[in-house]
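The values are calculated or read from the model by the stated rules, or taken from the named source; none is laboratory data. Note that this is a predicted model, so its numbers are computed, not measured. Every residue, glycine as well, gets a Cβ built from its backbone with ideal geometry; the counts of neighbours run over all protein chains shown.
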């Protein structure tokens, strides 16, 4: 019985809830039990006690939602994966979490993440790494690693994540699920603990494209508390396309060759052939400045982060460490608090960003990075005059072994090579699973012009149907604790 | 010895009298219990985002119009990064190289720019001294944090402490007239820093400047600038060099101390605030700002001069707006006989102000504008002598009332030039033989004791001019 419940996609569960086939508290109870017993370290907090009944007639009817730790949730720990915010319970709830709750998606759990969303493996969390449900010796990707692993392992129907340079799409790819980064401004950032303000965007991590569309439908829209949020020009429709007739897909040479693992490339090319069978026209395009995107990103994002993270000073909330010998020494308190409260990667980026904004260096670093960003926007604009979407592998590699890149920041940064250009351009992009390489999922990324979400979801839906990728084995293994996740079967023992 | 010329520029911060803060919906307050007007945004809680206050931008545009700035069709906010407990986000949202208003002029001083920013919170130092040094603890009150500020930066066009003080009063009146701020130095809604340098008279190159911080009254501003000018002149005269530094003036001791030197200067790492969109000023916003503009002091001074006032009186009434308001109410009072504008202005600026407490406004006195107008009109029509009118004014200041009835009850109406006054003059001549001799010998000033006698005898009711005429007539000169 509970195994059947766990099999339901979020959209299917919402239908059954609306039809009275299942009860909201029952569904929540099953997932809570799974979440409490999980062994992947996906969650930093799991709800208990009585969950408020979903608003009557709400479209989501009570489908539980896992939420990345960095979304502020009133009275519930919201720590952004950092020791400096350990135990911090905000007095308010992020707009997007509030909207989803109002639509009938109660908070199931908060998910583990890289500290302040800085990382591509979830190994930078103060609360320990998350394990990939496909292979527990490997990373789930990051920074939304807890959200991706939880959805892949069937520990949550769906999850909310954030994407700054690939933090939804890359872990979705590494965990074999769907992840979408909307157009910048489509979703309110109010209540999201910021990493890089001009890039951060919330989005869904789901089992399929339909769920992604369903969640996004209840996320978007102008929020008067976020000056950068925009009125979305239309409602998000549930995708129905099964053909790609007349759809032009552009494969940028810069993001589909050098630096991509062979197995990933093979899987990607095979998926393109299937897309062609659906009627898509595939052509090679060029994003000439894309190779510089990562460099620009690693100036802009740390620069903004160095400023965004200045508020963690021990004065008002979170960790505070006074110098016992000099309790009145303000500078000493700042230094100790931030030294002990931030992890190594966060400190590295604060230093990078501080340097990039320093007087005398601003033009050479921040100014130049912004000019590169403008060039990348122009690259995409001209490509979208020729094709409807850009397609790339989402991640240059499949999930890598835990610890294999922690000593080499540059290797880690390269994980976002294919996703960062879209972030800099502020355009929507979705990653869907397109096959396996070495038994591990490979992601395919589709990106379109700003506000093309509906068309993007339709195209992704058509490819998803054609590929018929089955993420189920991995999903059903997560809570069972079997020695090999892929052999865990569909027992749903955690429930 | 070389003569030096001071060169002074001012940076003025004005708290805008909006209902809510610059980037959140918290109400502005003064004197409320600490930390009762706060929210996630102005406390800098994780995840909170700023939204610019449209009213503050409207006020900023009005200030720009008042000083003739170029209003930027597009301006942006920047982050100014530094750590301090009164700055909850670790940065202040301000404007940097693309401010709301550029250039302009107020009276003789050119304006460099006007921009918008948010105020810091207030630090209260607990302990005996009340100063940060030797305090036991510092407590942060975030009620003030996020209050909208307009920063007005002048060009270095001022040449003396007194001129700086006078110009700042004009600015204050202008802002008050605009209704954009309470501009109260004691409450901190008007704050001023001064950039000061000196150079040998006749040279054009600017000397090294120092910045004198946060002087919190007009008196201290003038004193502080004077002290800093003197300090710099002493250094240069003794062959030294002025260091570029930020200074604090202590009004109690008169001492100037260094807050930080050039080497310690902050690198604020300004960059465009990514949480806000550019301020795009459209036609509607410009029209709204223009429609809200009242008459400004400079225009008022011109209008008052056209009424026949001296330039000095007109400027004073216009620049100290409350005096101008009182004067114009008096002038508008329908009294018969009507006063002449300049005479009425003299009654306000000289006689009335001299009888009020320091800093007291005529509007707060017992003398109504109509009463002063009546008195001035009666003097002009010679219904009461100037001396008697001053006695009446004493009574009005002390008790209020109607001048005409006071004159009647006290019998202070002017003696006409008839027999009664002639008789008193005759008695005065008889009683002051020495003075009479000297007057006859051509010493006009010697008439004083004679007139004084008449005034004593008539309790000041006699008209001075009439007395002089009668003296001449009776002595045959």
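Pick from B:251, B:274: which is more than 23 Å from residue B:162 (Cβ to Cβ) and in contact with a strand residue (DSSP E or B) (Cβ under 9 Å, 6 or more places away or on another chain)?
After ruling out the rest, the residue left standing is B:274.
Among the candidates B:165, B:188, B:145, the residue that is out of contact with any strand residue (DSSP E or B) (no Cβ under 8 Å at 6 or more places or on another chain) and assigned by TED's automatic domain parsing to the domain that holds residue B:15 is uniquely B:165.
Taken over the stretch A:102-124, the residue count meeting the criterion of being touching a strand residue (DSSP E or B) at 6+ places or on another chain (Cβ under 8 Å) and either part of a strand (DSSP E or B) or closer than 20 Å to residue A:349 by Cβ (or both) is 8.
Tell me whether the stretch A:244-258 contains one or more residues that are in a helix (DSSP H, G or I), without any contact (Cβ under 8 Å) to a residue 40 or more places away in the chain and within 14 Å of another protein chain (Cβ to nearest Cβ). There is no residue in the stretch A:244-258 that is in a helix (DSSP H, G or I), without any contact (Cβ under 8 Å) to a residue 40 or more places away in the chain and within 14 Å of another protein chain (Cβ to nearest Cβ).
In a helix (DSSP H, G or I) and loosely packed, with under 14 Cβ neighbours inside 10 Å - does that describe any residue in the stretch B:369-384?
No, that holds for no residue.
Quick check: is even one residue across the stretch A:90-101 assigned to a loop (DSSP other than H, G, I, E, B) and away from chain B (no Cβ under 14 Å)? No - not one qualifying residue is present in the stretch A:90-101. Output the residue which, of all residues in the stretch A:226-241 that are closer than 17 Å to residue A:459 by Cβ and surrounded by 15 or more Cβ atoms within 10 Å (Cβ to Cβ), is nearest to the other protein chains (Cβ to nearest Cβ). The extreme case among them is A:236. Out of (1) more than 25 Å from residue A:85 (Cβ to Cβ); (2) surrounded by 16 or more Cβ atoms within 10 Å (Cβ to Cβ); (3) within 14 Å of chain A (Cβ to nearest Cβ), the odd one out for residue B:54 is which? Result: residue B:54 passes all but (2).
Can you tell me which residue is nearest to the chain's Cα centre (by Cα) among those in the stretch A:298-316 that are in a loop (DSSP other than H, G, I, E, B) and more than 7 Å from chain B (Cβ to nearest Cβ)?
A:312
Within the set A:58, A:80, the sole residue that is in the same structural domain as residue A:142 (by TED's automatic domain parsing) and closer than 18 Å to residue A:150 by Cα turns out to be A:80. Screening residue B:40 on (1) touching a residue at least 60 places away in the same chain (Cβ under 8 Å); (2) within 13 Å of chain A (Cβ to nearest Cβ); (3) closer than 24 Å to residue A:310 by Cα shows it passes everything except condition (1). Out of B:344, B:375, one residue alone is assigned by TED's automatic domain parsing to the domain that holds residue B:404 and closer than 17 Å to residue B:324 by Cβ. It is B:344. Reported count of residues in the stretch A:326-339, each being surrounded by 13 or more Cβ atoms within 10 Å (Cβ to Cβ) and under 28 Å from the mean Cα position of the chain (by Cα), is 1.
When residue B:73 is tested against (1) surrounded by fewer than 17 Cβ atoms within 10 Å (Cβ to Cβ); (2) within 14 Å of chain A (Cβ to nearest Cβ); (3) within 21 Å of residue B:282 (Cβ to Cβ); (4) in contact with a strand residue (DSSP E or B) (Cβ under 9 Å, 6 or more places away or on another chain), exactly one condition is not met: (2). Within the stretch A:290-325, being over 12 Å from residue A:369 (Cα atoms), touching a strand residue (DSSP E or B) at 6+ places or on another chain (Cβ under 7 Å) and surrounded by 24 or more Cβ atoms within 10 Å (Cβ to Cβ) holds for A:290, A:307.
Looking at the stretch A:320-390, the helices (runs of 4 or more DSSP H) lying wholly inside it that each contain 3 or more residues that are farther than 23 Å from residue A:296 by Cα and within 12 Å of chain B (Cβ to nearest Cβ) sit at A:330-341.
Looking across the stretch B:320-335, the residues that are in contact (Cβ under 8 Å) with a residue 24 or more places away in the chain, assigned to a loop (DSSP other than H, G, I, E, B) and under 9 Å from residue B:373 (Cα atoms) come down to B:333, B:335.
Right, residue A:128: under 27 Å from residue A:426 (Cβ atoms) and either outside any helix (DSSP H, G or I) or more than 13 Å from chain B (Cβ to nearest Cβ) (or both) or not?
Against the criterion (under 27 Å from residue A:426 (Cβ atoms) and either outside any helix (DSSP H, G or I) or more than 13 Å from chain B (Cβ to nearest Cβ) (or both)), residue A:128 does not qualify.
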